[in-house]
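> The following block contains the structure, expressed as structure tokens.
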Amino acid sequence: MNDKLYVGRPNIGSREAFLARVNDIYDRRWLSNDGPYVLEFEAAMSRLLDVRHCVAMCNATVGLEIAIRALGLTGEVILPSFTFIATAHALQWQQITPVFCDIDPLTHNIDPSKVEALITPRTTAIMGVHLWGRACNVEALQQIADRHGLKLLFDAAHAFACSDGGRMIGGFGDAEVFSFHATKFINTLEGGIVSTNNDDLALRLRRMKNFGFTGYDQVESIGTNGKMNEVSAAMGLTNLESLDEFIDINRAHYHRYRERLSDLPGLTVMSYDETGKCNFQYIVVELDSEIAGISRDELVRRLHEQGVIARRYFFPGCHRMEPYLSLYPEAGRNLPETERLVQRLFCLPTGSGVSVADLERVCDIIRGLVK
Ligand code: T4K
């Protein structure tokens, strides 16, 4: 398994630093429930993201569910279909209807010019996704939300350590939700945070992730168990110490992929804006099969044959997966750009688990397949 190249191979920091922290956890016998490492991790996140509150969660899916609940969302929420299924599930799980909006084909993010037509009296929020770490058009979405009295929530699972217009992603909208799953740029094994500048919301998030407790034996509202544990926080703190190194590796890989592949006909390696902060976590490729002389699926299949596990993100789009396909069979009609992109896009392996020699091999294979 390890000789294969994966999209999502974890970035891992110092083994010694992590094990030293695990030793502390043993000594302290404090394993969960706002332990010292979780508090340290939250404080580090608040500093990095320049946001008042970061509430650690056991994963981003539960973080989204709790944020949705703490914001009081009901009825319908507008979001892109071109995202990981968790974004839609977090709504449907709470009987909120996900209303899928098309994307801007250049940014791959929700297209603000298509949002207003989807607003109904039942709409309570817009949920943008900062895909590939590239920010949504935050300003345009905020204006729409303000005009219609809607909440604005961001799925920032891909966007840790990224900025937009000089501001770190983390402080936009009412709240933003980051993932620290193993496959993410920085991981806590499993984990996430919800970030917000709203003090009241932060209090509700903290209560809700701890069963609604407000005191030792006092519960004042519904809640669940969304807590991050100490080992996860120890992993997160350790990996944060390698943040700059991971960015440097990702940036170098990104430049090399573009150098080696950009002259190929029909193939485009998505670009990042390097004037701001960026984690360069995904190598995103769009293929025009007519020009390239090979279909996207055939190219991915041939890469797999040679141990390069390229991924068709986010194929086939949430609206084509259950339960959404059965519940909203007509959704695709409003999503021409999404439908087009899911047929063209794939991601290539990168990160600290990929060596320069690996990367050259991937490029050699692709150059041999695209004529
Ligand atoms: N919103 C967005 C936009 C997201 O992308 C995600 C998660 C979420 C919300 C929800 O966040 P969390 O609740 O997960 O915190 C992965 C992840 O499970 C998921 O976290 C992630 N997005 C999604 C895009 O990808 P798969 O189906 O790709 O996982 P899997 O097991 O196929 O792993 C990918 C590759 O990575 C494997 O081929 C092998 C390699 N790998 C994986 C793991 C877990 C390793 O080498 N080591 C590992 O430990 O879902």
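The values are calculated or read from the model by the stated rules, or taken from the named source; none is laboratory data. Quick caveat, the model's predicted, so the values are computed rather than measured. Neighbour counts run over all protein chains shown; Cβ positions are idealised from the backbone, glycine included. For accessibility, only protein heavy atoms count, side chains too; no ligands or nucleic acids. Shrake-Rupley method; radii C 1.70, N 1.55, O 1.52, S 1.80 Å.
> What number of residues within the range 150-183 satisfy the criterion of being more than 12 Å from the ligand (Cβ to nearest atom) and part of a loop (DSSP other than H, G, I, E, B)?
11
> Can you tell me which of LEU106, LEU131, LEU118 is open to solvent by 10 Å² or more (accessible area, probe 1.4 Å), within 30 Å of GLU245 (Cα to Cα) and either within 13 Å of the ligand (Cβ to nearest atom) or not hydroxyl-bearing (Ser, Thr, Tyr) (or both)?
Selected residue: LEU106, the only one of LEU106, LEU131, LEU118 that is open to solvent by 10 Å² or more (accessible area, probe 1.4 Å), within 30 Å of GLU245 (Cα to Cα) and either within 13 Å of the ligand (Cβ to nearest atom) or not hydroxyl-bearing (Ser, Thr, Tyr) (or both).
> Could you tell me how many of the residues in the range 190-205 are open to solvent by 80 Å² or more (accessible area, probe 1.4 Å) and away from the ligand (no atom under 14 Å from the Cβ)?
The number of residues fulfilling the criteria is 3.
> Continuing with the same structure: What is the number of the single condition among (1) β-branched (Val, Ile, Thr); (2) within 19 Å of LEU201 (Cβ to Cβ); (3) more than 13 Å from the ligand (Cβ to nearest atom) that VAL62 does not meet?
Every condition holds for VAL62 apart from (3).
> Which residues, taken from the range 320-358, are more than 23 Å from TYR6 (Cβ to Cβ) and within 15 Å of the ligand (Cβ to nearest atom)?
THR338
> Being within 16 Å of the ligand (Cβ to nearest atom), buried (at least 22 other Cβ atoms within 10 Å of the Cβ) and more than 20 Å from ARG340 (Cβ to Cβ): is that true of PRO80 here?
For PRO80, the condition - within 16 Å of the ligand (Cβ to nearest atom), buried (at least 22 other Cβ atoms within 10 Å of the Cβ) and more than 20 Å from ARG340 (Cβ to Cβ) - is not met.
> How about the range 184-269: which strands (runs of 3 or more DSSP E) wholly inside it have at least 2 residues that are closer than 25 Å to ASN33 by Cβ?
The strands (runs of 3 or more DSSP E) meeting that bar are 192-196, 213-215.
> If VAL308 satisfies every condition in (1) in contact with a helix residue (DSSP H, G or I) (Cβ under 8 Å, 6 or more places away or on another chain); (2) over 20 Å from SER179 (Cβ atoms); (3) open to solvent by 60 Å² or more (accessible area, probe 1.4 Å); (4) of a type in the set (A, V, I, L, M, F, W, C) but one, which is the exception?
That leaves (3) as the condition not met.
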